[in-house]
Each structure stands twice: as structure tokens, then as C-alpha cells.
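Scroll down for the structure; my scribbles are underneath it.
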Amino acid sequence: MSIAAKANALWKYANPRKFLATSERVLPFFWLTSASCLVAGLVWGFFFTPDDYKQGSTVKIIYLHVPAALMAINCWLMMLATSLVWLVRRHHVSALAARAAAPVGIVMTLIALATGAIWGQPMWGTWWAWDPRLTSFLILFLFYLGYVALWEAIEDPDTAADLTSVLCLVGSVFAILSRYAVNFWNQGLHQGASVMRAGAVTGTDTEEKVSNIYFYPLLLCIVGFVLLFIALVLYRTGTEIRARRIKALLTRERVNG
Amino acid sequence: MIPDLGKYADTVLSAYAASIVLLIALVLFSVIRGRKVRAEMEKLEQRMSRHG
């Protein structure tokens, strides 16, 4: 099968029934693997890694802070992709998937902000600073809240999907800024990337990178967070599809008397 | 059981507690709402099929 044919085959999941049937089949795999990776990664990181020579035991916060921050940004990018699909192809499942992902993004952003503040206090001497990365992350959090509020505020689901998709496009600026703010402004308290940096992995740059002792359990936690995100979005999208069907059935019942 | 976290014990434990509580709350809330909506839909479909 060619790549174009494979890509076209994806559109069959725009059918709610097909989506529900497939997601119910794959969900146990995602729940189970995400829980296994998270438990293994967190236990490995918390119990079996040494303290850092500079940061002491606070280095253990990395196993929650980095995966949560990564998912906070990538969740918005996933919402951007599904919102674009809605705007271009008008597939309801894609709009509902974006809606279903938003609360997951809120929690990921909240974990990243909370663990960042808790970690920052002993390391920087402050819970919060108006640093480019921290500030863009806070704005991303506010965009998430605004996105959910807009869905709730508009009665007509198609209008709500249109407006929230536009909001998602605008908010993408802050999702990207959250990732690259340190590189753009080169100032503030937050360090630059020390985990997912191509030059650090290949050894072509000389900047400090996270040691392998911390990197492997961190990688396991990142995989766990990604799988948990997929499980939650699949499950929650199914819920949104059913909630939409309930509305449609109630409307039909009212019309038929 | 818990490793020696030194003077940062409160910092590390509070970061883990906050994150785990938030993650569990997210999963629980999603599953509870999912089950409620599914039951509601099945009830409605049964009612509508009975009434044609």
C-alpha cells in the first residue's frame, strides 16, 4: 500500500462507530503499558538513582516535571492538528478529540508549573520568576482554560468547534514559545534543553546534558506519559462522541413529540 | 523504604504527591464521567427503540 493510500485509510476513523470500535479494542493495551512504564520509571528514578552533585535529591523531580511539560506542549500541538482537520474536512471526531484532550493538557501544564515552582524554590531561591519560559507556560495554561471555557459557553457544537479551533491556532504561538523561549531570548532562570537535544545525544556540542543514570528512567517516564495521554484522549473522545449522540437523540425525541 | 532525601525531602515528596494526586484525579474523573455518559446513552437508546 502506498503512503497516500495509507493516509487515506486513516479517514475511516472519522466515522464515530469505527472510532469507538477501534479505540475499545486498543485501550486495554494503552492503559496497561502506560501504567507499567510509569510505575517502573518512577520507582527506578525515585528509589534507584543517586543524588545529583549540584541539586541533591531534587533531581528526582525531573521524572515528573520534564514528561509533564513535554506533554503539555505536545497536547496543544495535537489539538492544533485535529482542529485543522475539523476546519478543513469537518470531521466531528477530530473536533471532539481536541475537546477531549484539553483537560488532559490542563493537568499536564499544572503538573509542570507546580513541580517547576517546587523545584525552583530551593534551586533558584524563588517559587516563580517572570522568565520567558515560565511566563509562556503560564499563558499556555490560561489558553487551555479559555479553550475549555469556550467549548462550555457555546450551545451549538459546530460553532463551538469552529471558534475553539481558531483559538487553538492562536494559542499555538505560546505552545511553541514554551518550548523555544530559552533559545529565542537567551535569558531568565530556566535552563535550556538538556534532555532532548540532538547535539547532546550525538556528542557534537559541549553544553552540559543530563547524565545517562537519570536519562534512562526519565525516558521510561516520558514513554509512560505519552501512552497515558493516548489512553486518556482515546477514552475521553469516546465519551465526547457518546455525549454528542445523547444530545442528538434528545433533540430527535423532542421533534418527534 | 524511602531513600534518604536529605534536606530536600519535603520538596521532593510534595512534588511527587501533587503530581500523583493530579494524575489519579484526571484518570478517575475521566472514567467516572465516561461510565455515566455510556450508561445514559444506552438507557436513552433502549427507551427510543421501545417507542419506535
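Could we say that A:Val226 is at pLDDT 95 or above, of a type in the set (A, V, I, L, M), part of a helix (DSSP H, G or I) and closer than 29 Å to B:Ser19 by Cβ here? Against the criterion (at pLDDT 95 or above, of a type in the set (A, V, I, L, M), part of a helix (DSSP H, G or I) and closer than 29 Å to B:Ser19 by Cβ), A:Val226 qualifies. Here is the figure for region B:1-15: residues that are more than 7 Å from chain A (Cβ to nearest Cβ) and in contact with a Leu (Cβ under 9 Å, 6 or more places away or on another chain) total 2.
The values are calculated or read from the model by the stated rules, or taken from the named source; none is laboratory data. As the structure is a prediction and not an experimental result, all values here were calculated from the model. Please note: Cβ atoms are built from the backbone with ideal geometry, for glycine as well, and neighbour counts cover all protein chains shown.
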